[in-house]
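One structure is given below, encoded as structure tokens.
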Amino acid sequence: MDAVGQLKQMIDESSNIVFFGGAGVSTESGIPDFRSVDGLYHQKYDYPPETILSHTFYRKKPEEFYRFYRDKLIGFEAEPNAAHRKLAEWEREGKLKAVITQNIDGLHQAAGSKKVLELHGSTLRNYCEGCGKFFDVEYVRESGGVPVCDACGGSVKPDVVLYEEGLDQQVLSEAVSFIKNADVLIVGGTSLVVYPAAGLIDYYTGHKLVLVNKTATARDDVADLVVQGAIGEIFSRL
């Protein structure tokens, strides 16, 4: 039996699956990841993406931050792909308990997933740093320069975790709980090099750890099953 067949058998036999995904889950929807050949790290800007998407840069050069942010992080008319849709289907069938994602694009929810833990927040939510009022992504997309609150005039910040900022501890602890209790843990579309998120798989104590990625990951040696390829294409066969 090939690797996809083995994965299908695991899924068929389980009703306690947890999925942990990274940027590779959304690349087939047209959203670039950071580290692939055509990802954000290989494009030319005045500053590297990691610098622009830092808390320090956001404070010091908010106009520059928002120019990059609008162009590269919310400038997409992306639709869920086969991977997003399959995960939502498994949840409806009672097989999948949670999606834990490093992505900020909201595509899991758009596909119909209900239990989604967003480790790095979401571009779909933005809030005023003055009064706390929330704004949708269109408000930020259509505003010029630094978006300001229409209620108090404060700066509007995306509800995403920038470099130098800590993860939401409540989301993190909930993710740990789901992973600890999972029968099958499927990790997809991530090279498992970004911490602390990548360290989450260490909480898994089962014997059905599946890694699905286009290239080898830092943790292939500890996986029970490795499936190499584009995750949308693989999930469409399950």
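The values are calculated or read from the model by the stated rules, or taken from the named source; none is laboratory data. Quick caveat, the model's predicted, so the values are computed rather than measured. Cβ atoms come from the backbone with ideal geometry, glycine included; neighbour counts cover every protein chain shown. Each accessible area value is taken on the protein alone, full model and side chains, heavy atoms only, with ligands, DNA and RNA left out. Shrake-Rupley method; radii C 1.70, N 1.55, O 1.52, S 1.80 Å.
For the range 79-90, the set of residues classified as buried (at least 18 other Cβ atoms within 10 Å of the Cβ) and of a type outside the set (Gly, Ala, Ser) consists of Pro80, Asn81, His84, Arg85, Lys86, Leu87, Trp90, listed by residue number.
Considering Glu93, Glu118, Glu129, the condition of being open to solvent by 10 Å² or more (accessible area, probe 1.4 Å), within 21 Å of Phe178 (Cα to Cα), in contact with a strand residue (DSSP E or B) (Cβ under 9 Å, 6 or more places away or on another chain) and modelled with pLDDT of 95 or more is satisfied by Glu118 alone.
Within the range 71-78, identify whether any single residue is buried (at least 21 other Cβ atoms within 10 Å of the Cβ) and in contact with a helix residue (DSSP H, G or I) (Cβ under 7 Å, 6 or more places away or on another chain), and answer yes or no. The answer is no, given that none of the residues of the range 71-78 is buried (at least 21 other Cβ atoms within 10 Å of the Cβ) and in contact with a helix residue (DSSP H, G or I) (Cβ under 7 Å, 6 or more places away or on another chain). Is it the case that some residue within the range 144-165 is among the small types (Gly, Ala, Ser), more than 19 Å from the chain's Cα centre (by Cα) and at pLDDT below 95? Among the residues of the range 144-165, at least one is among the small types (Gly, Ala, Ser), more than 19 Å from the chain's Cα centre (by Cα) and at pLDDT below 95, which makes the answer yes.
Picking from residues in the range 58-68 that are more than 13 Å from Ser155 (Cβ to Cβ) and touching a residue at least 12 places away in the same chain (Cβ under 8 Å), the one that is most open to solvent (accessible area, probe 1.4 Å) is Glu64.
Residue-wise test of (1) open to solvent by less than 60 Å² (accessible area, probe 1.4 Å); (2) in contact with an Asp or Glu (Cβ under 9 Å, 6 or more places away or on another chain).
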| residue | (1), (2) |
| --- | --- |
| Val184 | yes, yes |
| Gly189 | yes, yes |
| Val194 | yes, no |
| Tyr203 | no, no |
| Gly206 | yes, yes |
| Leu209 | yes, yes |
| Ala230 | yes, yes |
| Ile234 | yes, no |
| Arg237 | no, no |
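The set of residues from the range 1-19 being among the hydrophobic types (A, V, I, L, M, F, W, C), within 19 Å of Glu233 (Cβ to Cβ) and at pLDDT 95 or above comprises Ala3, Val4, Leu7, Met10, Ile11, Phe19. Here is the figure for the range 119-132: residues that are over 22 Å from Ser155 (Cβ atoms) and of a type outside the set (A, V, I, L, M) total 0. Taking the range 57-166 as the region of interest, the strands (runs of 3 or more DSSP E) fully inside it that hold 1 or more residues being among the acidic types (Asp, Glu) are 116-118, 156-160. So, Asp221, is that one open to solvent by 60 Å² or more (accessible area, probe 1.4 Å) and either part of a strand (DSSP E or B) or under 27 Å from Glu13 (Cα atoms) (or both) or not? Judged against the criteria, Asp221 is a match. Just so you know, in the range 96-115 the residues that are without any contact (Cβ under 8 Å) to a residue 40 or more places away in the chain and over 26 Å from Glu142 (Cβ atoms) include one that is surrounded by the fewest Cβ atoms within 10 Å (Cβ to Cβ), and it is Lys114.
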